[in-house]
Structures are given as structure tokens and as C-alpha cells.
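The values are calculated or read from the model by the stated rules, or taken from the named source; none is laboratory data. Keep in mind the model is a prediction, meaning the values are calculated, not measured. Ideal geometry is used to build each Cβ from the backbone, glycine not excepted, and the neighbour counts take in all protein chains shown.
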């Protein structure tokens, strides 16, 4: 058996996905692991995952976490291999030929559907599309949203729903102070959306948004928040949940919603209208969305100590022309790995990948983040999650349970990618792109102008010469 984790033979680990969970796995390995060679892969030339492509542009403090990741990337053990797609450029079984262990940190890359008639009509979108579009993600930069309509609906009451609502309700001047993608800023300048309905299938106590995100809506200069006081009259189940909860967020949210409900209307150009205990049952329209039929719900016990929404016979149609569903993300299967279709995750035990939910361990293969636990938590939640997984990996190293790769060493993986014509982007090259974005933004008084297409990024790096992002 080869001794691994020594200077003469470092432990070789591939981390697939450069979002927070991937970087926190890197951090744990650098802190507590033996001598290492760490290769961090991403299918985009740019790192940071949802911190770059998902965090709202008006939340720059949250994005500052990338400074921690930059420090990790400066470690001698670290390499970034951007613009490499696992499943096409490299397969899982090939990774195991070159690495002692592979950690998947690929997140939850698609959204959950509503499953109601009319969902495929033009004007119906996943919130993930809109978020990716206004953040300049290459997968979504060509999306089109009809912002000429006067009313839109956001289905869901989590933080992503709050982000979508806030962007729709913000003024162009507010958005121009952020790193919102240029194409999105142009489109939102011309937006005619004046009413945004925010729908939650259960009551206000069960809403998933955090209090800071909720309160932000009340500070928008051109929008006012409308909450029907009757929606804040709690049923016995909600009252008990509020009283028994150890999470202070629930009480804070109720206080904020009551404050919104008590505000007199001031005639601002836009309105954000909360509707709780409301579920979509049909998107109405001929060639496109012309309305959203909702049903009034009541809460009943779910038999597990919680609540669920039960439809009544009371329905109405909201006159909206644009609908964003924000009812959860889900992972997608990775070629060569087991996948739980129901949960949208890879089956695992404390981060060790399993052949099935109760199956055997897949040697040398691990998961972290949303592909491990589902789409829950905030950025910091990924840190203990990654630590748990890396601890299992290091236990397996000590126990001699890691498979032995046939060709350990970086030369082999580099030669394979080169033979397939893959243009690998290094971390230094990402830093070049980063500097170009910041410089382009500074020239027009904005924090940065993002590259939104992979060919633009690669073109800017060609022959070591810089290009400029499109404004």
C-alpha cells in the first residue's frame, strides 16, 4: 500500500465546484489535512458559484466572503481549473485515475416546478433564471423577461423570493450602484412593473425569509409594502408554533409584517403585496400568461408536529402577466454517480457517497453543500457541512480505505485535458478577468461590469491581452 499524505507523495484531492461549499472543503483540508495537492474544478472560467451568480447585487457585504476564498487560493497546495465540465470534459471514473479522493460540491443546479396547468406559458419563469440573468451568469444572459406588464407574481417566501421582489421594485438609480449585469440594468430601466404579488402557501409564521431580507422591502424609496392585517390573525397552530419556537426570527418577522400592515399608503409608484395562505392552481392565458389563479388555504396539522396547507374552495385570479416561481432548488444527476431523484441529492452517509440511500460506500467519493443536504441554509452553513465531509475523508485516509489512483500527479490530468482541447482557466487568469471587470466598472461609475459570456472571457485572456466586458 502506498503511503499518502507525506511530502514525497501528497494526498491528491479534486473538488468539483468552486462555490462556498467547495472552498470550505478546501479550507478544512488545508487546515487539518496532510501534505496536499488540491485541484478545484469549475465548469465556468469564474469561481465562487452562487456568491458571484446568486447573491443579490445589492448585497456587496455578503460577496466580500470571497476575500477568504482568495486567501485559500494562494496556498501552495491549490490549483483552480476553470472552464472544465465534469461529465463531458472529464468523467468521474477518470478523476479516480488521477486523484485519491473526489469531493463533489456542485450545488443544486435546477429549480422545482409548480406542477400546475399553464406553467409552460410564456411569461412563466423560474426565479433561478431571473437571478442568473440579473447577475450576469453565462447560462442565463440570453433570457428574456417581459417587463412591459404592469403586475408580476413571485411564488414563494424565502430569501430568493425576497431578492427577486426587491430587484423588481428597486429604482434604476439604486441598481446602477451595484454590479447588476448591464443587460439587466438596461431592461429594468424600461420596466413597467408596478405591482408585485408575493405568495406564500402557508401563513406568515411559516415563511422562510430571514428578517433583514424582509425589512429591506420596507426601505425601498419608490415602493410600499401592502400586508392585509387579516393575514396576520394567527390560527391556533401558528400561535402555538410562534410561542414554542426557539428561533427569534419568527417573532421578528411577525413584528415587521405588523408594522408594514399598519403603514398608511403613500402613493408610491410600486407596490409589493403579500398574500399568505395562497397557492397557485393555474396560470391563465392563451399565448402567454394573463393571470394567476390562486386558492385560499387553511393550515392543518401534518401529523409530524408541523403544519401543511389545505386548499379551501375560495379562489381568485390575480391580473399578472409575469410569474416567477421560487419554490426551491434541486440537484441534478452527475454521470457515473448514484442519485436520489426524490430528494434531488446524492445519497451519502456523513458525506461519504453511497450506492443508494442504505447502500455501500463508493470509495474515494464525497459530497458537500446542497448536493449533499439539499438547498438549505446560508453561505456559512456550508462550513460545518464541509468539515464533516472532510473529516470522513481524512478518517478514510488513516484507515487505508481510499482507492489508489493509477496515475497520481498533476501531469496526467493536465495532459488529458490538453488532448481534448479543453481551455483550462487558472486562478491567475481569473484574477485578470476580475481586474478587467473592476476597471470597466470604474470607468462608468459602477463597482464592476461583468463578463457574461464564456467566449468573451476567453477572448479577453487570449495571448495575455485584456478585453473589456460589455456595458
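Remarks
- Among (1) assigned by TED's automatic domain parsing to the domain that holds residue 54; (2) in a helix (DSSP H, G or I); (3) touching a residue at least 12 places away in the same chain (Cβ under 8 Å); (4) out of contact with any helix residue (DSSP H, G or I) (no Cβ under 8 Å at 6 or more places or on another chain) - the single one residue 400 does not satisfy: (2)
- Residues that are under 22 Å from residue 80 (Cβ atoms), over 23 Å from the mean Cα position of the chain (by Cα) and in contact (Cβ under 8 Å) with a residue 60 or more places away in the chain within the stretch 427-454 comprise just one, 429.
- Condition check for residue 312: touching a strand residue (DSSP E or B) at 6+ places or on another chain (Cβ under 8 Å), modelled with pLDDT under 95 and either in the same structural domain as residue 118 (by TED's automatic domain parsing) or more than 25 Å from residue 375 (Cβ to Cβ) (or both): no
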